[in-house]
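Taken together, the values in this text are just the output of simple stated rules run on the coordinates, not laboratory data. The shown structure was predicted, so the numbers you read here are calculated from the model rather than taken from an experiment. With ideal geometry, Cβ positions are generated from the backbone for all residues, glycine too; neighbour counts draw on all protein chains shown.
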Amino acid sequence: MAIKHAESGEVMDIRPLGEGLKDATTRALAKTDHLELIRMVLPAGKEVREHSAPKEITVHCIEGAIDFHCHGTTRRLQGGQMLFLDAGEPHSLKAVEDSSVLVSMVL
């Protein structure tokens, strides 16, 4: 079964999930030839090993807190904060709390 992505002009709800966070899963919200939007759900302690994206990305912490490692340092992102990474920049992350983040990737 194909994953349903948002269509052009469709409203997407990315508000904090609150109590629903514990039952939520990561899902792609939208994808085109040039852009992908993913809401990642990360339980406390979950780690994403170092990797890089071929093009620019943004990571917006919607709720919770994550430690995001890039440029040789670790930055804590909390709900409402985001960062931008250049193409090819190695990075990793670890959820400090149950968290959800919006990842926007140029493809």
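A count restricted to region 56-80 and to residues that are surrounded by 14 or more Cβ atoms within 10 Å (Cβ to Cβ) and part of a loop (DSSP other than H, G, I, E, B) stands at 3. Scanning region 15-39 for residues that are surrounded by 13 or more Cβ atoms within 10 Å (Cβ to Cβ), under 19 Å from THR58 (Cα atoms) and among the hydrophobic types (A, V, I, L, M, F, W, C) returns ALA28, LEU29, ALA30, LEU37, ILE38. For region 6-24, which residues satisfy the criterion of being on the phi < 0 side of the Ramachandran plot and outside any helix (DSSP H, G or I)? Correct list: ALA6, GLU7, SER8, GLU10, VAL11, MET12, ASP13, ILE14, ARG15, PRO16, LEU17, ALA24. For VAL11, the conditions (1) in contact (Cβ under 8 Å) with a residue 24 or more places away in the chain; (2) surrounded by fewer than 13 Cβ atoms within 10 Å (Cβ to Cβ); (3) among the aliphatic types (A, V, I, L, M); (4) over 16 Å from VAL103 (Cβ atoms) all hold with the exception of (1).
Residues in region 14-34 that are among the acidic types (Asp, Glu) and under 14 Å from GLU97 (Cα atoms): GLU19 only.
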